[in-house]
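The values are calculated or read from the model by the stated rules, or taken from the named source; none is laboratory data. Only a predicted model underlies this, so the values are computations on that prediction, with no experimental measurement involved. Here the Cβ positions follow ideal geometry from the backbone for every residue, glycine too, while neighbour counts run over all protein chains shown.
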Amino acid sequence: MDAVTLLGSPRKEGNTARVLNWVEDVLRDAGHSVERRWISDYAIAGCQECRRCKEGKVELCSIFDDGIAMLRRIVAADMLVLAAPVFCWGFPGPLKCLLDRMYCLADAESSSRIEGKPIALIVTAGGPEKDNADLLVKAYESMTAYMGAVTAGALVIANCAGPESLDAAVQERAKAFAEEVAGVL
Ligand SMILES: Cc1cc2nc3c(=O)[nH]c(=O)nc-3n(C[C@H](O)[C@H](O)[C@H](O)COP(=O)(O)O)c2cc1C
């Protein structure tokens, strides 16, 4: 199966990348192909709320930037793994722009281009899970449901001090999570 992982941190080798590495290793070992995309490699503007996607006036989105290719790749993939640090109780800006642009893929009343597609979420945070990292999980669950996609699971690594401090216990949690996610594929 074809999994796209999306590193939503501006740090290519930060906390989130480290956890994502462990998850990707398990997916590959389970025989899945994994393509990682790093959000900072793409210029993706925020949704302009022109609603042309809802009026069926454009194939995907009226903003012809890197978001189009990214949306196409998400539609083509068998699974999407989002990996994000918490920034100010939410998703980091560049990733949030893409998530908003995914609004063109579906709406609650009609068909969805990602109907039934499993989407998993990895969150790392400097602070606690409660009333902080869990806000991203809630947004992910709501968005996945709205789009008719499938929640493949969420992994929250709270109280991260730095990539080197992510120890064997965190690695075990990442592996167990990835095994669950691999089972969904
Ligand atoms: C701009 C900014 C905002 C942040 N906001 C939060 C926050 O609201 N809650 C939190 O727990 N950590 C916050 N953090 C800490 C990061 O979530 C945490 O260090 C994360 O693991 C970084 O992942 P990365 O190394 O992959 O970028 C923030 C960090 C930055 C740079």
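Restricting the search to region 15-35, which residues are within 16 Å of the ligand (Cβ to nearest atom) and more than 20 Å from residue 87 (Cβ to Cβ)?
21, 22, 23, 24, listed by residue number.
Does residue 46 qualify as being without any contact (Cβ under 8 Å) to a residue 40 or more places away in the chain, of a type outside the set (D, E, K, R) and in a loop (DSSP other than H, G, I, E, B)?
Values: without any contact (Cβ under 8 Å) to a residue 40 or more places away in the chain: no; of a type outside the set (D, E, K, R): yes; in a loop (DSSP other than H, G, I, E, B): yes.
It is false that residue 46 is without any contact (Cβ under 8 Å) to a residue 40 or more places away in the chain, of a type outside the set (D, E, K, R) and in a loop (DSSP other than H, G, I, E, B).
Output the residues belonging to region 58-92 that are part of a loop (DSSP other than H, G, I, E, B) and either within 13 Å of the chain's Cα centre (by Cα) or surrounded by 21 or more Cβ atoms within 10 Å (Cβ to Cβ) (or both). Working first, answer last.
Applying the first criterion (part of a loop (DSSP other than H, G, I, E, B)) to region 58-92 yields 58-65, 77-78, 86, 88-89, 91-92.
Scanning region 58-92 gives 61, 77, 86, 91, 92.
Does residue 66 qualify as being within 25 Å of residue 14 (Cα to Cα), touching an Asp or Glu at 6+ places or on another chain (Cβ under 9 Å), at pLDDT 95 or above and of a type in the set (D, E, K, R)?
yes
Name the pairs: first residue in region 17-43 and within 16 Å of residue 77 (Cβ to Cβ) and in contact (Cβ under 8 Å) with a residue 60 or more places away in the chain, second residue of a type in the set (Phe, Trp, Tyr) and part of a helix (DSSP H, G or I), Cβ to Cβ under 9 Å, at least 6 apart or on different chains?
23/177
Which condition number does residue 14 fail, the rest of (1) within 23 Å of residue 143 (Cα to Cα); (2) surrounded by 14 or more Cβ atoms within 10 Å (Cβ to Cβ); (3) not charged (D, E, K, R) being met?
(1)
I'm trying to understand the selection: among the residues of region 68-87, which are basic (Lys, Arg) and more than 13 Å from residue 101 (Cα to Cα)? Spell out how you get there, then give the answer.
Taking region 68-87 first, the residues basic (Lys, Arg) are 72-73.
Selection gives 73 alone.
Only one residue in 175, 96 is in a helix (DSSP H, G or I), in contact with a Gly (Cβ under 8 Å, 6 or more places away or on another chain) and either of a type in the set (Lys, Arg) or in contact (Cβ under 8 Å) with a residue 24 or more places away in the chain (or both). Which one?
Working: 175 fails: in contact with a Gly (Cβ under 8 Å, 6 or more places away or on another chain).
Among 175, 96, only 96 is in a helix (DSSP H, G or I), in contact with a Gly (Cβ under 8 Å, 6 or more places away or on another chain) and either of a type in the set (Lys, Arg) or in contact (Cβ under 8 Å) with a residue 24 or more places away in the chain (or both).
Of the conditions (1) crowded, with 20+ Cβ neighbours inside 10 Å; (2) under 23 Å from residue 48 (Cα atoms); (3) more than 16 Å from the ligand (Cβ to nearest atom); (4) not polar (S, T, N, Q), residue 95 satisfies every one except a single condition; which number is it?
Against the list (1) crowded, with 20+ Cβ neighbours inside 10 Å; (2) under 23 Å from residue 48 (Cα atoms); (3) more than 16 Å from the ligand (Cβ to nearest atom); (4) not polar (S, T, N, Q), residue 95 comes up short only on (3).
Tell me whether region 150-171 contains one or more residues that are hydroxyl-bearing (Ser, Thr, Tyr), within 13 Å of the ligand (Cβ to nearest atom), touching a strand residue (DSSP E or B) at 6+ places or on another chain (Cβ under 8 Å) and outside any helix (DSSP H, G or I).
Of the residues in region 150-171, the ones hydroxyl-bearing (Ser, Thr, Tyr) are 151, 165.
So of that shortlist, the ones also within 13 Å of the ligand (Cβ to nearest atom) come out as 165.
Right, trim to touching a strand residue (DSSP E or B) at 6+ places or on another chain (Cβ under 8 Å) and you get none.
Taking every residue of region 150-171 in turn, none turns out to be hydroxyl-bearing (Ser, Thr, Tyr), within 13 Å of the ligand (Cβ to nearest atom), touching a strand residue (DSSP E or B) at 6+ places or on another chain (Cβ under 8 Å) and outside any helix (DSSP H, G or I).
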